[in-house]
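The values are calculated or read from the model by the stated rules, or taken from the named source; none is laboratory data. Nothing here was measured: the structure is a model prediction, and the numbers come from that model. Backbone-built Cβ (ideal geometry, glycine too); neighbour counts: all protein chains shown. Surface areas here come from the heavy atoms of the whole protein model, side chains and all, with no ligands, DNA or RNA. Shrake-Rupley method; radii C 1.70, N 1.55, O 1.52, S 1.80 Å.
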Amino acid sequence: MSYVDEVLEEVVRENPHEPEFHQAVKEVLDSLRPVIEKNEAVYRRDALLERLVNPERQIKFRVPWIDDQGQVHVNTGYRVQFNSAIGPYKGGLRLHPSVNLSIIKFLGFEQIFKNSLTGLPIGGGKGGSDFDPKGKSDREIMAFCQSFMSELCKYIGADTDIPAGDIGTGAREIGYLFGEYKKLRGLFEGVLTGKGLSFGGSLARTEATGYGLLYITEEMLKCHGIPLAGKTIAVSGSGNVATYAIEKAQQLGAKVVTCSDSSGWIYDPDGIDVALLKEVKERKRQRLTAYAAARPQAVYHEGKGVWSTPCDVALPCATQNELTLADAEQLVANGVLAVSEGANMPTTADATVYLQEQGILFLPGKAANAGGVATSALEMSQNSERLRWSFQEVDAQLKAIMVDLYHHIDDAAKRYDREGNYVDGANIAGFEKVLDAMMMQGIV
Ligand code: NDP
């Protein structure tokens, strides 16, 4: 049996009940076969892949907090410090009832390669909790964040592990987490990214993941002779990534006709009104029904359905496994040209294979949404320098990183005879640097 197959079997055996983690590891290791086969005996001797798929450290802790009625709740907190070969652990904190160890491990594993692809010195990690911020008062959110940080603060620091936002963790939560860290550790340092602008946050970090998604998608299309301007785009989600993807797509001359939340989705034939979307979701924290109520030409549908909308480009920006094989078939039947993942692993494994077989340009999340963590690393640089760069400066660096990233994964795919397969290109290009660092640092 090949070394890759042995390790894949071991991952399933040793981590039962972690399907998302198995899915992420399988996708990466399948891509890495040609790289591993070149030097299999040495990698097997050094247990390279076993070290890659086992987190350096995983922390699980209890998070007790008191609601507005005086009732105590207990949630579970996680931080998985996956790989620090090329830099301190970096990755977001997800607050969502679906969070469990499998989800955090899949995200942490993906983060290793994504962070490497940015070209910046950051290792991979991820964390979060099964706490649901929806419907909670600001005081309850603060109580949870303070309790969460009272334990997490023992394991993180500006040079060791720097968490950031993710689903359910936005500027409000990062603010409460930072305040508690500062109080407990007595340190004003860049220990979190996505901070408010008044205490060390970077301009353009809020926009970065969505903007970066459009920069890399535009570059990919351009290299295939397709202009983005004038195209119709379907977006899922209506959170941070989706909102700024829609904003940048429209700035680049495309029309975005959909967005969604976990209750339903909007079809807006005139193009999503971003100012209204921000008002509803960012400021008032309402459901998309409020968007439809304020915009007569928009149609609201309950449940799933974004991918039934005819479009040239699909940008899944909500959550994992939200674009299934049936959705992919529908997109292809409607003439889609490209799918770029704004979320992490939003396309199921069979849907990814189908899209690639149909010749659809497919950019995986670890490349397409890397603009967020890249800009987080720029926030870390600014914190270390005690300086603030202008919006234009950060945005220009973000754009350069995303354009380089596309060419980096394109080159890697070509070097291994996988031209146009950006899943393999991203996994290989992300892995090469981590591999080099792990081999040079000895058995640690
Ligand atoms: P937000 O919490 O801001 O928004 C998430 C959006 O997805 C919301 O519209 C939410 O709807 C919807 N959603 C969440 N879970 C589900 C679900 N189970 N089913 C259907 N819809 C769901 O998160 P972000 O925009 O920050 O993150 C979105 C994705 O992008 C995630 O996969 C995240 O890991 C990834 N990502 C985020 C980065 C960032 O910088 N923020 C960086 C790189 C990747 P509702 O409002 O109803 O909950």
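Annotations
- Every pair of residues 6+ apart whose Cβ atoms lie under 7 Å, when the first sits in the range 174-185 and is over 18 Å from residue 202 (Cα atoms) while the second is surrounded by fewer than 18 Cβ atoms within 10 Å (Cβ to Cβ): 180/150; 182/188; 184/150
- Identity of the residue in the range 257-272, within 16 Å of the ligand (Cβ to nearest atom) and open to solvent by 50 Å² or more (accessible area, probe 1.4 Å), that ends up modelled with the highest pLDDT: 267
- Residues of the range 287-314 satisfying the condition of being open to solvent by 60 Å² or more (accessible area, probe 1.4 Å) and of a type in the set (Val, Ile, Thr): 289, 299
- Test: residue 250 is among the polar types (S, T, N, Q) and either part of a strand (DSSP E or B) or more than 30 Å from residue 132 (Cα to Cα) (or both): yes
- Candidate set from the range 211-256 (those that are β-branched (Val, Ile, Thr), out of contact with any strand residue (DSSP E or B) (no Cβ under 6 Å at 6 or more places or on another chain) and within 20 Å of residue 280 (Cβ to Cβ)); member that is most open to solvent (accessible area, probe 1.4 Å): 241
- Residue match in the range 331-353 (condition: open to solvent by 60 Å² or more (accessible area, probe 1.4 Å), modelled with pLDDT of 95 or more and within 16 Å of residue 260 (Cβ to Cβ)): no
- Residues of the range 198-210 that turn out to be open to solvent by 10 Å² or more (accessible area, probe 1.4 Å) and within 16 Å of the ligand (Cβ to nearest atom), as a count: 5
- Filter result (within 27 Å of residue 410 (Cβ to Cβ) and among the basic types (Lys, Arg)) within the range 183-224: 205, 222
Residue-wise test of (1) in contact (Cβ under 8 Å) with a residue 60 or more places away in the chain; (2) more than 23 Å from the chain's Cα centre (by Cα); (3) under 21 Å from residue 323 (Cβ atoms).
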{"residue": "257", "(1), (2), (3)": "no, no, yes"}
{"residue": "269", "(1), (2), (3)": "no, yes, no"}
{"residue": "285", "(1), (2), (3)": "no, no, no"}
{"residue": "288", "(1), (2), (3)": "no, no, yes"}
{"residue": "291", "(1), (2), (3)": "no, yes, no"}
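- Residues satisfying the stated conditions in the range 261-303, i.e. of a type in the set (Ser, Thr, Tyr) and under 18 Å from residue 319 (Cβ atoms): 262, 263
Yes or no, residue by residue, for (1) closer than 14 Å to residue 89 by Cβ; (2) of a type in the set (Asp, Glu); (3) in contact with an Asp or Glu (Cβ under 8 Å, 6 or more places away or on another chain):
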position: 165; (1), (2), (3): no, no, yes
position: 169; (1), (2), (3): no, no, no
position: 173; (1), (2), (3): no, yes, no
position: 184; (1), (2), (3): no, no, no
position: 198; (1), (2), (3): no, no, no
position: 202; (1), (2), (3): no, no, yes
position: 205; (1), (2), (3): no, no, yes
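- Qualifying residues in the range 114-150 (those that are away from the ligand (no atom under 14 Å from the Cβ) and under 28 Å from residue 52 (Cα atoms)) - the one most open to solvent (accessible area, probe 1.4 Å): 121
- Being over 15 Å from the mean Cα position of the chain (by Cα), buried (at least 24 other Cβ atoms within 10 Å of the Cβ) and more than 10 Å from the ligand (Cβ to nearest atom) holds for only one residue in 100, 83, and it is 83.
- Candidate set: the range 354-402, residues that are outside any helix (DSSP H, G or I) and free of Cβ contacts under 8 Å to residues at least 40 places away in the same chain; chosen: the one least open to solvent (accessible area, probe 1.4 Å): 360
- Filter pass, residue 327 being in contact with a Lys or Arg (Cβ under 6 Å, 6 or more places away or on another chain), charged (D, E, K, R) and more than 11 Å from the ligand (Cβ to nearest atom): no
- Options 192, 203: the member that is over 19 Å from residue 392 (Cα atoms) and of a type outside the set (Lys, Arg): 192
- Hits in the range 48-82 (condition: of a type in the set (Lys, Arg) and in a strand (DSSP E or B)): 57, 60, 62, 79
- When residues of the range 276-319 are limited to those that are in contact with a strand residue (DSSP E or B) (Cβ under 8 Å, 6 or more places away or on another chain) and assigned to a helix (DSSP H, G or I), the one farthest from residue 254 (Cα to Cα): 289
- Contacts under 9 angstrom Cβ, first residue in the range 315-327 being free of Cβ contacts under 8 Å to residues at least 12 places away in the same chain and open to solvent by 50 Å² or more (accessible area, probe 1.4 Å), partner assigned to a helix (DSSP H, G or I) and more than 9 Å from the ligand (Cβ to nearest atom), 6 or more apart: 326/307; 326/351
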